[in-house]
Each structure stands twice: as structure tokens, then as C-alpha cells.
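K.L.:
Sharing a structure, written as C-alpha cells. Questions coming.
Taken together, the values in this text are just the output of simple stated rules run on the coordinates, not laboratory data. Source: prediction; values computed, not measured. For neighbour counting, all protein chains shown are included, and Cβ atoms are generated from backbone atoms with ideal geometry for every residue, glycine included.
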Amino acid sequence: AQRVTQPEKLLSVFKGAPVELKCNYSYSGSPELFWYVQYSRQRLQLLLRHISRESIKGFTADLNKGETSFHLKKPFAQEEDSAMYYCALSRSSGGYNKLIFGAGTRLAVHP
Amino acid sequence: NAGVMQNPRHLVRRRGQEARLRCSPMKGHSHVYWYRQLPEEGLKFMVYLQKENIIDESGMPKERFSAEFPKEGPSILRIQQVVRGDSAAYFCASSSLSEAFFGQGTRLTVV
């Protein structure tokens with residue numbers, strides 16, 4: 001079965017500390033993986049996707065097919081990074097991107 | 001472009017009433033997705049629609065739930081005879097096949 005697992009409900013760090021939000025997936029084909037972020041009182045928005053291999057707001061994520069992981073990392077957390085982060089997988093069948101989401105991790109960055 | 005617009009933002013219904021949730025996709029988008037988020041869970045896919053067609057409703061409960069995306073006007077998610085378990089945040093997304101953009105959601109509370 002296709003599934004996305006985010007084992008941590010809450011990750012609490014101090015400003016300047018490194019951050020790693022974990023995401024593991026199970027998928028029988030070649031997945032497309034995404035990280036979405038939801039800041040307080042704002043809509044869900046795409047943070048990054050594995051096929052673009054870019055860094056957004058200092059965040060990076062590498063797809064590890066051997067470990068079936070797509071962990072989100074940032075070397076130095078900022079207070080404005082505090083938000084809900086969702087890992088998602090696209091089943092991309094029929095030419096459209098239906099998404100399977102993890103339960104989310106709340107990142108709290110303290111001053 | 002105002003983005004994906006959902007209304008109402010908050011909806012309170014008594015058990016047994018009907019709930020209608022509306023979603024206007026981004027300009028130029030003809031693909032609409034509905035997701036449901038129960039407390040402490042991730043977003044779960046419900047249905048994918050194109051104009052006047054339901055393409056994938058594999059995530060829709062078999063009873064009481066229906067969705068439409070007419071030629072003119074917004075997409076409607078309709079829940080008949082609501083029960084307490086329908087209380088959730090309902091998110092709509094629209095896509096141009098490359099990226100999904102989300103609305104701010106409708107929070108349904110059944111009392």
C-alpha cells in the first residue's frame with residue numbers, strides 16, 4: 001500500500017540549531033515526493049519537490065530510494081520556520097498528481 | 001490571480017443537516033481535488049474532478065458525500081445528513097498538471 005510516514009508530531013529546536021524533519025514512504029513504483037508547509041493562518045503551499053533538487057528558504061531534501069526516505073533538512077533554523085510541514089507523495093496516475101500526505105510535523109523554533 | 005478560493009471558511013451544522021462547501025480554482029485551472037483532514041491526521045484524498053466530470057472518487061465515502069464541478073461556477077462538495085464524525089477541515093486544490101495549489105480550507109463543525 002502507498003503510505004507516507006512522518007514519525008514526529010512535534011519537533012522543537014532553538015534558533016540556529018540544525019533541523020531534520022523525517023519522512024519515509026512506501027510505494028511500489030517511482031514516486032514523486034514533495035514537502036508542503038503551512039504557516040500559521042495561511043494556506044498549504046509547496047516548499048520543494050525532489051525532482052527540482054533545489055533549496056528553498058535554506059531547506060533541502062534528498063530522495064533516498066534505498067531507505068525510502070525524503071527527509072527535510074536545514075542547517076540553521078530560524079524563528080520564521082515555525083510551521084506545520086507535510087511530506088507528500090504523488091501517485092501520478094492518469095496524468096494528474098493525486099497526493100498522499102503524511103500526518104505532518106509541527107516545527108517550533110524558539111529564540 | 002486570487003488563488004484557490006474556498007467558502008465558507010467555517011461552517012457549523014447540526015447533525016442531520018446538509019453541508020455545502022464551495023471551491024473556485026485558480027484562473028486557468030480545470031482540475032480540482034478535494035481533501036479531508038481529520039484532527040491529528042494528514043490530508044486524505046477524496047475526489048478529483050475536471051469540468052463536468054468526476055475522474056477519481058476513490059477517496060469519497062460511499063454514502064452521503066457527493067461532488068460536482070459544473071461548467072459554470074465553483075466546485076461543490078456536498079455532505080448530506082452530517083454526523084459528528086464529518087467534523088474536519090476540507091481542503092480544495094487546483095492544478096495545471098505540474099503543481100497543486102491549495103485553498104485555505106473550510107472547517108466543518110457538526111454539533
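K.L.:
What is the spin-label model distance, in nm, from residue A:110 to residue B:54 if the labels are put 7 Å beyond Cα along the C-beta direction?
P.N.:
The two pseudo-label positions are separated by 4.9 nm.
K.L.:
OK, next. Might you report the magnitude of the Cβ-based charge dipole of chain A about its Cα centre, with Lys and Arg at +1 and Asp and Glu at -1, to the nearest 20 debye?
P.N.:
260 debye
K.L.:
Please work out the C-alpha center-to-center distance from the range B:44-111 to the range A:1-73 and express it in whole Å.
P.N.:
25 Å
K.L.:
What are the residues whose amide H is under 5 Å from the amide H of residue B:17, where those residues sit 5 or more places off or on another chain and H is modelled from the backbone?
P.N.:
Under 5 Å from the amide H of residue B:17: B:82.
K.L.:
A follow-up question, please. How many Lys pairs in chain B lie less than 21 angstrom apart by Cα atoms, where the lysines are 8 or more positions apart or on different chains?
P.N.:
Here the count comes out as 4.
K.L.:
Counting other Cβ atoms within 10 Å of each Cβ, which trypsin sites (Lys or Arg not before Pro) in the range A:2-111 have at most 14 and sit in a DSSP loop?
P.N.:
Answer in residue order: A:9, A:15, A:41, A:53, A:57, A:65.
K.L.:
Show me, for the range B:71-88, the HN-Hα J-couplings you get by feeding each phi into the Karplus relation (A = 6.51, B = -1.76, C = 1.60, θ = phi - 60°), rounded to Hz, glycine and proline as x.
P.N.:
Karplus-based 3J(HN,Hα) across the range B:71-88 equals 4, 10, x, x, 6, 10, 9, 10, 10, 8, 6, 4, 10, 4, x, 7, 4, 5 Hz.
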